[in-house]
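Q: Structure in structure tokens, see below.
Rule-based calculations on the coordinates, nothing more; no lab input. What you see is a predicted model; the values in this text were computed from it and never measured. Here the Cβ is made from the backbone with ideal geometry for all residues, glycine too, and neighbour counts use every protein chain on show.
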Amino acid sequence: MRRFDLVVVGAGIGGGSLVYNLLAQGFRGRLLVVDRGAAVAMGATGLSAGGFRNLWTTPINQRLCTHSAKILAHFAEEMGVPIGFRPSGYLFTHGPEAWARVPLAAEIWRENGVRFELLSPGEIEDRVPGLRCGIGEVDEEVREFLGLEPIVGGVFGPDCGSFDPSQAAQGYFLRAQDRFPVRPELGFGIEVLSLLFGKDGAVTGLRLKGPSGEETVEAGQVALCTGPWTNALLQASGCPPEELMPVISQKRMLFVTDLPGQDPRWRDIPLTIVDQGIYFKAEGDNLILGKARKDAPDSLETTFEPDYYLEEINLVLQERIPAVASCRLKSGWAGLYDTCTADHNAILGWHDAHAGLLLQVGYSGHGAMESPAAGVCLAELVLDGAYRTHDCRPLRGSRFREKDLVEERIVI
């Protein structure tokens, strides 16, 4: 029977950051990484929009994302892998009610050193060609049907932007393989059937199923970077309901269209969020768009739905930016969020019922932007028994039982 000091389940950006940072900080044990995909970043990482922002109102999210942005800015230079890093910023636009909450958020950002700019409607229109903040030109019935309201202000985050999480994951695993005395073993096309626990509840190993059949592996510690599959694995391992995490799987889709016109400024727009959470960014000659479906069920179903773009995104966005009406839908894809239903924040740290079981799950859509820094912190927890760079204890899994949630006070 093979034995490893640590087994990491999941070869996305979260698993890659953890593995690389463990080795960089001195881990020298036997290390195995397993993933059901055929290669690195075949799951949620490869389907991510790749945005990063530090415009949060909770200190832990601000710190993790600010740190991650600094890592990503120097990633190509330090890791030798280009990741398409674009510090083009984030632009949140607001109607009257939401804009009234911005001053309190601004106070929090100032206290925590988060850079931001408050924009007038005219300044917003200068940032996004053809965007109309007013709704006077929209038919009154259409306005009411679509729920449009005037944009009265915006928040711009200059330290925000986008990158390619798949390339970042590749970089982490490539450098983990060639920079350190210990080379982690990577296993793809491998399903974890269950975790194994001792009489005291501590994790002792895993049952795996791969191309060569089933295998039991002993493990001193196991790290779950398993996203929406986390609870299914815990249940298959015999964990009762009280030991599961409040994590569900929700489908999220991204759509690719032409740019709305020939204005060269389109290629430099910030990632912009407008009516009902519609967001878009430019990538070369394309526009990438998305909008979360708030009522998405708990499901692993990932059927791509082109009509969702036409009915839920384009129908609204063409009233805000008329040129979007002519944008041709080229392609798109559907992926999965591992949504933490309790407070929509990550779950990081040791499972409080099972010694040796490390959790990095429940990111709720901001895993790509937090994983680079989270990997640094979790490596410290494994090696030193405590966090040193950022105190991630607010994101511990026991917070749900303790009723100590990490909630955004002002949702922008």
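Q: I'd like the distance between the alpha-carbon centres of segment 58-115 and segment 223-280, rounded to an integer number of Å.
A: Their Cα centres are 18 Å away from one another.
Q: Would you please put 283-291, 268-276 in order of how densely packed they are, using the mean number of other Cβ atoms within 10 angstrom per residue and starting with the highest?
A: 268-276, 283-291
Q: Output the 0 to 90 degree angle, nearest 10, between the alpha-carbon long axis of helix 59-73 and the longest principal axis computed from the alpha carbons of the chain.
A: In the chain, helix 59-73 runs at an angle near 90 degrees to the longest axis.
Q: Quick check on segment 1-53: take the gyration tensor over C-alpha atoms, sort the square-rooted eigenvalues as a ≥ b ≥ c, and tell me if it's rounded (a/c under 1.5), prolate or oblate.
A: Oblate, because a/c is 1.5 or more while a/b does not exceed b/c.
Q: Given labels modelled 7 Å from the Cα in the Cβ direction, how far is it in nm from R393 to D5?
A: For R393 paired with D5, the spin-label model returns 2.6 nm.
Q: With point charges of +1 on the Cβ of Lys and Arg and -1 on the Cβ of Asp and Glu, referenced to the Cα centre of the chain, which listed residue (Y20, L329, T66) lies farthest in the positive direction of the dipole?
A: The listed residue farthest towards the positive side: Y20.
Q: May I pose another question? Using a Förster radius of 22 Å, what is the FRET efficiency between K209 and L244 based on their Cβ-Cβ separation? Nearest 0.05, please.
A: That pair, K209 with L244, gives E of 0.50.
Q: Compute the length gained on full extension between V182 and A355: take 0.36 nm times their separation in residues and subtract their Cα-Cα distance, giving the result in nm to one decimal.
A: Value of the extension gain: 59.8 nm.
Q: Any idea what the dipole of the chain comes to, in debye rounded to 20, about its Cα centre with Lys/Arg Cβ at +1 and Asp/Glu Cβ at -1?
A: 1360
Q: If you place +1 on the Cβ of every Lys and Arg and -1 on the Cβ of every Asp and Glu, how big does the dipole about the Cα centre of segment 134-231 come out, in debye to the nearest 20?
A: Around 920 debye, computed over segment 134-231.
Q: Would you mind getting the Kirkwood hydrodynamic radius of the chain from its Cα pairs, rounded to one decimal in Å?
A: One over the average 1/r among Cα pairs gives 22.2 Å for the chain.
Q: Here is a follow-up. For a quick check: sort M42, M1 by the number of other beta carbons within 10 angstrom, fewest at the front.
A: M1, M42
Q: Would you mind ranking H67, H94 so that the residue whose beta carbon has the fewest other beta carbons within 10 Å leads the list?
A: Least to most surrounded, the residues fall as H67, H94.
Q: So, counting K/R as plus one and D/E as minus one, what does the shell of residues with Cβ under 15 Å around G238 add up to?
A: Charge balance in the 15 Å sphere: -1.
Q: Fewest to most neighbouring Cβ within 10 Å: what's the order for S326, S162, S237, S398?
A: S326, S398, S237, S162
Q: Assigning unit charges at the beta carbon (Lys, Arg +1; Asp, Glu -1) and nothing else, what dipole magnitude in debye, to the nearest 20, does segment 279-337 show about its Cα centre?
A: 260
Q: Quick one: which of 345-353, 210-218, 371-379 comes out on top by average Cβ neighbours within 10 Å, and what's the full order, highest first?
A: 371-379, 345-353, 210-218
Q: Relative to the longest principal axis of the chain, what angle (0 to 90°, nearest 10) does the C-alpha long axis of helix 367-384 take?
A: Long axis of 367-384 versus the principal axis of the chain: about 30 degrees.
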